[in-house]
Structure formats: C-alpha cells, structure tokens
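The values are calculated or read from the model by the stated rules, or taken from the named source; none is laboratory data. Computed from a predicted model, the values in this text were never measured in an experiment. Cβ placement follows ideal geometry from the backbone for every residue including glycine, while neighbour counts extend to all protein chains displayed. We work out accessible area using only protein heavy atoms, side chains counted, and drop any ligands, DNA or RNA first. Shrake-Rupley method; radii C 1.70, N 1.55, O 1.52, S 1.80 Å.
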Amino acid sequence: MRTTVRLTAIALLAGLFVSGFGQNFYGIYDSVHRLKAYFAENHKKAKEEGRTFRPGYMASWLYYIEQRAFPYDEVDWKAIEQGALHRDAMPTEAGIMAAQWEYFGPRNLPVPYRIYYGQGNIIGRISSVAYHPGGLGRYFLTSGVGGLWKTENFGADWTPMSDDWTYMRTSSVAIHPINHNTIYVGTGDFPGGGGYGQGILRSMDGGQTWTAHLVAESAGRSVSKVLIHPEQPNIILATVGRRTSTNGNVYRSTDGGDTWQMVIATSAVWSHISYSRINPSNNKRYFYVSGHSNGGEIWRSSDDGATWTKLTTPMSSAFQSSVRVAASPNNHNNVYIISGVNRNIWRSTDAGVNWTSIVAGFPNGSNNYNWSQHTYDMFLDVGNRNDGSTTDVIYVGLIDIVQSPDGGATWQSLGQTYTNSALTHNDHHAIAINRSNPSEALVGNDGGIFPFNWNSGSNLWNFNTTNNRRLGITQFYKSAFHPTDPNRLLGGTQDNATPQCSGNLDVWRNVGGGDGGFCMINPSNPNIQYATSQNLNIYRTANDWSSSNTITPSFGSDRRGFIAPIQLSYTNPNLLYAGSNYLWRWSETSQSWTARLGSQELSVSGYVNFIGISPSNGNYIYTGSNQGELWMTSNAGTNWTQINTGSPSLPNRAITCVVVDPTTPTRIWVTVSGTGTGHVWRCDNTAAVTRVWVDVSGSGLTGLPDVPANTVQVEPGNTGRLYVGTDVGVFYTRNGGATWYNGTRPFGLPNVQVNDLKLVAGTGYLNAATWGRGMWRMRLPFNPLGDIDGNGCVDDADLARLLTVFGSTAGGSSDLNGDGIVDDTDLAILLENFGNGC
C-alpha cells in the first residue's frame, strides 16, 4: 500500500539530520522528499558560505518526478513499465488508412548564444559514446531518453537503432572487438536519474534484432556501464544502479551475456568500470569499479572480474553521490578516482594501495561552479599523448571538460564552457578515447556529440561542432505552431533553449535560453511569438525573432514550476496568460502585466501546471495545478471556482492538460499524471452545482495504459476523436474514449514519451513534441480505409459515393487503391472495411 507523503520544510530537514546525510540520500533520484531535503541542505550550506545554490538539472528532475509521483513520494516506475507492455499488446485498428508519422526536426540547430552552449550545432543529451572497432568514421552513441544511434560517415548522418524497443532510456553501449555485429546496450537513464530500464539489450546481427538480458537482476535499474574484456570478449562486466533505494550490484557474464553472476553483492549506485594496461609480469589486467555509497566504493579485481577486493580510499565518510574510476593505458599500476562530494581527484601508482591528491590547479570555477552538478554530469578517463611518451593524459567531465596533459601535474579547460569563449556545450556525461589514435576522442554532453582532436606537441585542440545536424534526440517540453504554415513553429527543450523554424525545415534557429518551456504564436499576427525558460522567464518577439525582449514580470514570492505555463486567448490573442500559483495576464496593447487575477491563489502548496482557455469565449479560463487543483473563471479572472470536486471528483493527481470544447466553454477534457487511476476525464458542464467527471480512459486492452498522460487534443469537427500523448507514446479514440488504439509504433512514431500534441486545423497536421526524439507530425484526417467522405465512418454514404463514380478514371478519393480507376478492387476494399470507425 502506498502512503501519501506531505512534508514541511522543517520535517524534511529533521529527516535529513536524524537519518544522517549519507543514509538519507541513497534514494535521492527517486524520492521527492529526499530531493527537496537535498535542496534545503545545499541552500543552507551555500548561505553559510556566502554563495548561491544552483540546483541545475536536479531542479528539472524534481519537476519531472514530483508531477508523476503526486500524491506519493516516489514514481511507480513498475506501473509505467507495465504500461509500455500494455501499449504493445493493444489491438491494431482494422482498415486504418496508411497515415504515418514523420520526423521534421530540429535539423542544423545552432546555439542560442556562446556561453554555456559553445559553437556550431547542438541537439540534445548524450549518455554514452563509443567508436566502432571496425573502421573510420563509425560511431555509436546512446541518448538518455532517445535510444541508440550509429553513424558510418563521421556523424554527417545518423541512424536510430532502438525505435522499436519497449522504451528508449539508455546509459551505455559496447561493441564486440572481433564480431562487430554484436552490440550490448545498458538501458535506463543513469546520468538523468534512472527511470525504467530493461537490463542489457544485445544484438548479434548489427542491430536488426535485440534480446534482453540481465533483466531480473537489474530489476528496472539503470545499467550504467557495460564493459567487454578486450582479450576474452565472452567475459562481460556490468554495473547497475539508480532507481530504487535498494540500489544495484556488479555482474559478470562468461558466455557473452547469456547468463550473469553477481560478483559484488554490496548494494550501491554502481557507476563505472575500467581496466588497466596488461601487467607484463603475469599477462593480466586489473579491473576496477566505482560506486556511490557512504564513503564511496572502489573495488579491484586481478582475475578478470571473477573476484573483487574493496580498496581503501581517501574519500570522506559522507555519502559519495558521484564517484568514477579510470585506469591508465600506459602503466598497469596507475589508477585515478574522482569524488564530486569532496571535489577532489586522486592518483595511485600502486594499483590502489596508496593515493595522492592531484586536484591542485584544477579549474574549479567561481564558487566551485564546475563541480556544482557533479551528481548529474561527470566522467573520468585516461588516454595517451600522441608523441610516443607514456605520460597519462587525464580527462574530466563536469560542467566543463578539463584535461591534464601530464598525469595530474597541471590542468587546463578544454571546453571553456562557462565563459564567453565556450567551445562546446556544458554538462558532460561521456567520453570515448580513440585507442588507435589517442589524439582523438568523442565527447558527449547535454548538447550532443562533439568529436575532439588534440595535438600534444603544440597543445592545440578543437571540437567538431557539426555532428549534431542530423541527430534526432531533442527533449521537448512544449511546442507551438503557426495556424496555416506547417513549417513555422517553435518548442522548448531540455537545456537546449527553444528551437524555432520560420519555414525551411533544414534551417532552424535557437531563441530564449536555458531549459525552454511553453511557447506561443499569435494566430492573428504570427510574427508575435513568445518563448519561456525555467522558472517562467518569458521572451517576446514582434518580428519572428529578428529581435526580442524579455517581458518577465516581478513574480515576487509566487511559486512557479520549473516549466511553467503560458497561454494565449483564442478570441483575443493580444492577451497572454502566465501561471505561477496565481494567474497573470499580459496585454500586447498596453505592453503591461496585470498581476494575480482575482487575487485568487490557485494552488495551496504547489503551482499552476497548465492553462486552458475556451476557443469560443475567452472569459472562460481553466487552471490545473501539480497538486491536483482545477480552477475555473467565467469572467476572465475576476471570480474563481474550484471544480476538481464533483460526483465523482477528479482523481488526486497532478493535472497536465485542459482542453475546452471548441463551441461549448463549460465542456472540457483533462489529463492527469501519476499512476493508479484513469488519465483522461471529461466534464460536460463545469458550471453545474455538482459537477460530474467521466473517466474516458477506457478499460482492458482497448483502454489507455495506466501511465502519466501529458497532453490531449480534440478534433474540432468531431469531439469524439481524441488524441493523447503519454509517457509511453500516443493513443487515439474515435468514440469518445470507449475504445483506444495505439497511435505510436504502428504508425511510425518511436516508442517515446510524448509531452505535447498540437492539432492544427489550418495545416491538417497532428504535431507531437517528444521527450528524446524531437518533433514529429502526421496528416489528418486519421480515417479508416474506405472512409471516402472523411467523417470517420465507412458507411452507406461512402458506398453511394463510390458507386456514383464507378468506372471513372477521375474518381478522386473513391480510387482507394490508387491505381487510377474506380473498379471492383476499390469496391471490395470498401466492403471489407464497411462499418469501421462507426
């Protein structure tokens, strides 16, 4: 039985100190109250030190899990896993027309500005990178929520390899050194917080087919690293951790991944594996693993990973929430460790017996800014110089990427990431050093993949900033579209600002900054557009982003979501509404804000998560909160009524979307997050004294999966047709929710989380903003084959229309098979599908 958790700041801090800092933070990525306690402790510590605590990515993660967990403390990841399986078991609608989703961007996305973003092209977050051992210009990468990708032409083009997987969270990739068609992928999103993993996916045919392994052992946790023994490739090691408070373990296979044995039973958040140069005295390598725990975990094996010894390290006894280990390719006794908590790097020259700090001179940044997101962005690796020497070259990824060219004696910033001379995007997660040419490496960060080249003689280096042009892994929060031009749009993203296109889908620009969020295009004057960034910073342009200005009001003490909503009025698009825990209104006419409409607080302890406005009467406005409160005004904010109660009431879940009937302002559809309840609800009269909320989520295999629903759209001409975006894809119904169908992979959309759907009648497109696979769209109507008149039903009217033009070579939509003539074949198709959609 799950227990509702509501904790005050005092209770959070009490739990923090009673339990002890280390013990309390074992499940920091999974627990809302632990994450809030982490913020409280760091705010307190920063204040004592006279600096500002910047939670960075962790603030976005709190926004993500709090919405999905409410009213509980943790997300029910198992339910979401089951929801993905439910999706794949749903029946396919018979006789549907062959409408298909198409990817349309971003492509060639530039940086919005140089500091934090670097130069060239960016696209989205990378979790691991690897060179293909079989040839030049062949790389693999994994995206935290966008799956596995490969290139065979130095990154000019990329091929997705995981769109059919049950879910697409990925942490690591390894390729067999001899049989290059054998690929191992560690699933779950380790850098990004975990989520739901499916063990290790293995392909033995170059990615054509996949089988799952280590599933039971990993139990949904992330497989942070998969390492293949370089001389005995049937031996594979895997580190597991992050998702539940029980954490993970270290596993070994001796048969190429068919079976696995636990080789370290200590529970920890296991983060990395590395192996040393061969010891010439016994022809063996040392293997090392690192993990997060109280005091940290560094273990060593001298028998190919069969048995392990825990090493004593200089790390403090506090909970070590970010630890990595890397062995030298030059000297079998050299090994290095990094601790984000201690902001230190140590070297051992005797295989981990003794340690010496080498952090002196490290570019920490002002107030140690470079270390400020060490629980999220970190890597450590060791390479060679290209001048033939055996000096270790150390690479450290934090917010910046840093190198020591001389084994830790000196350090230099390679990315210059938080300066106006930045060369690459910030937040580094992955590196792969080319062992055949140690001057080359692949670097992965929040902006994408950046091949790196360094000349040790001249100490000059560069990053290739062009590899992200055709990579489709952008994580979109929200989107907005031009009313008549399908190629004019913008959308807010995770750490890649707000990509915007003005008509040419091969030419994008980037506006706003930070994590982009909600955005809007004025339908009466589409040159007026709005973008947002985290905590409801608002940007405005009146000339399609040739120039822009910030119009963020002074919100004072108002609470705002990390991604907070804005919404234009349909009947008067000169009015823009913004949601904190109150509703604010911007007037294009007066260029000013009206604060806190009606002085009505719209969430007791949370914030407004979504704003819905009636297309037919702009006085009707609805707000839904992350705490399940739904409010309504019928006079543009002067008076308010809370309407989530009724007979029955809405479930106590975070509200993610409110859509108002095109012609009836008191009829609405609402989607909710979380699990354990219906996710799409309808009220036919929100003005009633006792409202009646109807669950239209369906049931059984023709009902929606029990997963967070993020967005809903209603067809203007037929409100029985609904389209819903969820954490496991898109679903649609033709009969108001009695029967739902999977609109994801059967129609070409990857099995990816969909955060926003926008149905634009003027373009005929249903647009999807995904969390990890960019922007997709599908042409509507989305009708059964044989539905000649487009009303969604194959009926007598369609038969009559076909018979009227029977034998004609100009039969138009009656030529169902497209062979140029309306004949017996077309008639047979119609009769075979007669009744579908009705």
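Values computed for the structure shown
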| item | result |
| --- | --- |
| Qualifying positions in region 162-196 - open to solvent by less than 20 Å² (accessible area, probe 1.4 Å), without any contact (Cβ under 8 Å) to a residue 60 or more places away in the chain and in a loop (DSSP other than H, G, I, E, B) | Arg169, Gly188 |
| Selection within region 348-367 - within 29 Å of Thr417 (Cα to Cα), open to solvent by 70 Å² or more (accessible area, probe 1.4 Å) and touching a residue at least 12 places away in the same chain (Cβ under 8 Å) | Asn367 |
| Flag if Thr466 is touching a residue at least 60 places away in the same chain (Cβ under 8 Å), among the hydroxyl-bearing types (Ser, Thr, Tyr) and either open to solvent by 10 Å² or more (accessible area, probe 1.4 Å) or touching a strand residue (DSSP E or B) at 6+ places or on another chain (Cβ under 6 Å) (or both) | yes |
| Test for Gly408: is it part of a loop (DSSP other than H, G, I, E, B) and surrounded by 16 or more Cβ atoms within 10 Å (Cβ to Cβ) | yes |
| Count of residues meeting criterion [open to solvent by 20 Å² or more (accessible area, probe 1.4 Å) and under 19 Å from Ser673 (Cα atoms)] in region 743-767 | 1 |
| Search result, residues across region 526-546 that are in contact with a Phe, Trp or Tyr (Cβ under 8 Å, 6 or more places away or on another chain), in a loop (DSSP other than H, G, I, E, B) and open to solvent by 20 Å² or more (accessible area, probe 1.4 Å) | Gln534, Asn535 |
| Residues located in region 801-819, provided they are buried (at least 17 other Cβ atoms within 10 Å of the Cβ) and without any contact (Cβ under 8 Å) to a residue 12 or more places away in the chain | Asp815 |
| Checking Gly457 against (1) assigned by the TED database to the domain that holds Gly612; (2) at pLDDT below 95, the condition it does not meet | (1) |
| Flag for Tyr117 being more than 22 Å from the chain's Cα centre (by Cα), modelled with pLDDT of 95 or more and buried (at least 21 other Cβ atoms within 10 Å of the Cβ) | no |
| Among the candidates Pro523, Pro486, residue that is open to solvent by 10 Å² or more (accessible area, probe 1.4 Å), in a loop (DSSP other than H, G, I, E, B), in the same structural domain as Thr623 (by the TED database) and in contact with a Ser or Thr (Cβ under 7 Å, 6 or more places away or on another chain) | Pro486 |
| From the options Ala79, Ala99, residue that is more than 17 Å from Met168 (Cβ to Cβ), outside the structural domain of Phe731 (by the TED database), open to solvent by less than 30 Å² (accessible area, probe 1.4 Å) and in a loop (DSSP other than H, G, I, E, B) | Ala99 |
| Unique residue being out of contact with any Ser or Thr (no Cβ under 8 Å at 6 or more places or on another chain) and in a helix (DSSP H, G or I) when the list is Arg107, Arg34 | Arg34 |
| Matching strands (runs of 3 or more DSSP E) fully within region 637-742 where at least 1 residues are modelled with pLDDT under 95 and either at negative phi or surrounded by fewer than 24 Cβ atoms within 10 Å (Cβ to Cβ) (or both) | 709-715, 718-726, 729-733 |
| Conditions (1) part of a helix (DSSP H, G or I); (2) surrounded by 23 or more Cβ atoms within 10 Å (Cβ to Cβ); (3) under 29 Å from the mean Cα position of the chain (by Cα); number of the one not met by Asp798 | (3) |
| Check on Arg721, in the same structural domain as Ile563 (by the TED database), of a type outside the set (S, T, N, Q) and over 30 Å from Thr474 (Cβ atoms) | no |
| Residue in region 209-224 that is closer than 25 Å to Arg324 by Cβ, open to solvent by 10 Å² or more (accessible area, probe 1.4 Å) and assigned to a loop (DSSP other than H, G, I, E, B) present | yes |
| Among the candidates Ala265, Ala219, Ala238, residue that is at pLDDT below 95 and either acidic (Asp, Glu) or out of contact with any Pro (no Cβ under 9 Å at 6 or more places or on another chain) (or both) | Ala219 |
| Qualifying positions in region 321-333 - in contact (Cβ under 8 Å) with a residue 60 or more places away in the chain and over 12 Å from Val396 (Cα atoms) | Ser321, Ser328, Pro329, Asn330, Asn331 |
| Total residues in region 562-581, condition in a loop (DSSP other than H, G, I, E, B) and surrounded by fewer than 24 Cβ atoms within 10 Å (Cβ to Cβ) | 7 |
| Any hit, region 280-295, residues being over 20 Å from Gly186 (Cα atoms), open to solvent by 10 Å² or more (accessible area, probe 1.4 Å), within 30 Å of the chain's Cα centre (by Cα) and of a type outside the set (Lys, Arg) | yes |
| Filter result for Ile236 (crowded, with 24+ Cβ neighbours inside 10 Å and in contact with a His (Cβ under 9 Å, 6 or more places away or on another chain)) | yes |
| Search result, residues across region 411-462 that are on the phi > 0 side of the Ramachandran plot and open to solvent by less than 30 Å² (accessible area, probe 1.4 Å) | Asp427, Gly448 |
| Residues within region 121-134 that are assigned to a loop (DSSP other than H, G, I, E, B) and open to solvent by 30 Å² or more (accessible area, probe 1.4 Å), tallied | 2 |
| Flag if Gly105 is over 24 Å from Ser224 (Cα atoms), outside the structural domain of Ala828 (by the TED database) and not β-branched (Val, Ile, Thr) | yes |
| From Asp684, Asp661, residue being acidic (Asp, Glu) and free of Cβ contacts under 8 Å to residues at least 40 places away in the same chain | Asp684 |
